[in-house]
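Visitor: Okay, handing you the structure first.
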Amino acid sequence: MTIAAWPASERAWERTKGSLAGGVSTGLRASMKPHPIFVEGGAGPRLTDLDGNSYLDYVLGWGPVILGHGHPGLTAAVSAQLPLGATYGTGHLLEAEVAEKVLDRIPGMERVLWSNTGTEATQVALRLARGVTGRRRFIKFGGHYHGWSDPMLVGYRPGADGTLGLGSQGQNPSALEDLVLVEWGDLDAVAEALKAPDSDIAAIFCEPVLCNSGVIEPPEGFLAGLRELCDATGTVLVFDEVITGFRIDRGGAVTRYGVTPDLVTLAKAIAGGYPLAAIAGRASILERTTQGIVHAGTYNGNPVVLAAAGATLDALDEPGVYDAFERQGRALADGIRAGFARHGLAVTVNQVGPVVQCIAGVADARTFTDFIGADQEFYDRLTVQLLRRGVFTLPGGRWYLSTAHTDADVAHTVQVLDDALAATLAEGP
Ligand code: PMP
């Protein structure tokens, strides 16, 4: 049985557009096809919408809901904290208890700063890098996303003129002066940029796996090469692990690839869906926040959110979690590949742990440019056909798995995908 229409979600959207710009809380959510569905609640790997439809959820809140919805341990930890108050504005031990869990998982990290969103965490990381080096500019890679702040929202997607520049109207154009944009994987270009006489480069930022633009792994030796170049030039190496942290391995990319940066930014999975971010790093850098580098925030170290984080990190330590992520990630990726092949469609499917990326219409996508060439029109229509069949996916081709997804859920999804592909082809462009 397929879902023909979403009358309650449509009514809800009409209503919310009267009070919320765009009717939902981010522009990207407003772009979901055929329109955003409005959620009644979630349980495990499933969401239920206002029309009473149930979906297997591969959106997972755009990544954070790594334990699935309403995880009992997470819910119990948050519920136990709630009667004790919302926030204190001074020290409490949960701040350190959860920081210790972070330091235990990510080798080489000595201190943690708590923030609220990934966007804040990357801004703090940039300020720290500038503060400790006395330099101004930074290297980032094309297609890497480090939040929506003025300095960081650059070089992410091609603009109307096809170039990788500013990401938003209203953004301070000086962001471009501070940016040195390099192609992901091009170590020679990084070395060149650092060598230039007035390069003035404080930091190299990267998503250690380029999750936001194709789930493209670093070429062999590339992260180690960045580490060496940073050591040689006194440049701060920042891994933005907002997606990869605690997800692609217990210690994220740091343990998966065995390279230790100076700073790691964390968010999303760390608190299972609650708004928490962190900057972990070397003490000599993070301690500078007590000596003139400002890191502020009313909600930093919020106890409810930290209770969620403690329970999430504990749950991710259950035996077999990362093996299951890898197994299910592979099964999903293989299933998507096989489905496209059966229908004679070109595709590239990349997968790292529980993160899977479908690049429709491109047979051997290896670079950010290849990823940008995906057949988005076809993929958008496919997501609608999946939704009609009870599978909720992100626009843009990324799929997330949670600990609540079972092997049977993935097998079912692969079958549904086959029908959805047939329906997408049958309806035509
Ligand atoms: N860095 C990366 C790698 C991200 O994927 C994101 C969010 N998608 C951010 C930073 C920004 O995080 P937030 O949305 O919590 O501000």
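The values are calculated or read from the model by the stated rules, or taken from the named source; none is laboratory data. These numbers come from a predicted model, not from an experiment. Glycine also receives a Cβ, built like all others from the backbone with ideal geometry; neighbour counts cover every protein chain displayed.
A quick yes/no check of all residues on (1) of a type in the set (A, V, I, L, M, F, W, C); (2) at pLDDT 95 or above; (3) touching an Asp or Glu at 6+ places or on another chain (Cβ under 7 Å); (4) within 16 Å of the ligand (Cβ to nearest atom):
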| position | (1), (2), (3), (4) |
| --- | --- |
| Phe205 | yes, yes, yes, yes |
| Asn212 | no, yes, no, yes |
| Glu228 | no, yes, no, no |
| Asp231 | no, yes, no, no |
| Arg247 | no, yes, no, yes |
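Visitor: Separate question: Considering only the range 57-107, how many residues are part of a helix (DSSP H, G or I) and among the hydroxyl-bearing types (Ser, Thr, Tyr)?
Guide: So the answer is 2.
Visitor: Looking at the range 254-268, which of its residues are assigned to a helix (DSSP H, G or I) and within 11 Å of the ligand (Cβ to nearest atom)?
Guide: Matches in the range 254-268: Lys268 only.
Visitor: Which members of the range 181-216 meet the condition of being among the small types (Gly, Ala, Ser), surrounded by fewer than 18 Cβ atoms within 10 Å (Cβ to Cβ) and over 30 Å from Arg398 (Cα atoms)?
Guide: Ala191, Ala196, Ser199
Visitor: Oh, and also: Search the range 39-76 for residues being free of Cβ contacts under 8 Å to residues at least 12 places away in the same chain and of a type in the set (Val, Ile, Thr), and hand back the single one that is nearest to the ligand (Cβ to nearest atom).
Guide: Here the residue is Val39.
Visitor: Go over the candidates Leu229, Leu128, Leu194, Leu237 one by one and state the one that is in a helix (DSSP H, G or I), within 24 Å of Leu286 (Cα to Cα) and in contact with a Lys or Arg (Cβ under 7 Å, 6 or more places away or on another chain).
Guide: The conditions single out Leu128.
Visitor: Right, here's the next one. Tell me which of these Pro107 doesn't satisfy, since it passes every other one: (1) under 30 Å from Glu192 (Cα atoms); (2) within 16 Å of the ligand (Cβ to nearest atom).
Guide: Status for Pro107: all satisfied but (2).
Visitor: Residues to consider are Ala307, Ala311, Ala333; find the one that is outside the structural domain of Ala96 (by TED's automatic domain parsing) and outside any loop (DSSP other than H, G, I, E, B).
Guide: Ala333
Visitor: Would you confirm, using the coordinates I've provided, whether Arg288 is more than 28 Å from Thr367 (Cα to Cα), surrounded by fewer than 19 Cβ atoms within 10 Å (Cβ to Cβ) and away from the ligand (no atom under 14 Å from the Cβ)?
Guide: Yes; evaluated as a whole, the condition is true for this residue.
Visitor: Checking the condition surrounded by fewer than 21 Cβ atoms within 10 Å (Cβ to Cβ), at pLDDT 95 or above and either away from the ligand (no atom under 16 Å from the Cβ) or more than 24 Å from Thr255 (Cβ to Cβ) (or both), which residue from Ser79, Ser31 passes? Talk me through it step by step, then tell me what you get.
Guide: Details: Ser31 fails: at pLDDT 95 or above.
Answer to the selection: Ser79.
Visitor: Report whether or not Val264 is buried (at least 21 other Cβ atoms within 10 Å of the Cβ), of a type in the set (Val, Ile, Thr) and touching a Pro at 6+ places or on another chain (Cβ under 8 Å).
Guide: Taking the combined requirement at face value, the residue does not satisfy it.
Visitor: Give just the number: which of (1) away from the ligand (no atom under 16 Å from the Cβ); (2) over 22 Å from Val242 (Cα atoms) does Ala224 not satisfy?
Guide: (2)
Visitor: Oh, and also: Looking only at residues that are surrounded by fewer than 20 Cβ atoms within 10 Å (Cβ to Cβ) and of a type in the set (Gly, Ala, Ser) in the range 110-146, which one is nearest to the ligand (Cβ to nearest atom)?
Guide: Gly131
Visitor: OK, next. Kindly establish whether Val242 is within 21 Å of Gly61 (Cβ to Cβ) and either within 15 Å of the ligand (Cβ to nearest atom) or at pLDDT 95 or above (or both).
Guide: Spelling it out, Val242 is indeed within 21 Å of Gly61 (Cβ to Cβ) and either within 15 Å of the ligand (Cβ to nearest atom) or at pLDDT 95 or above (or both).
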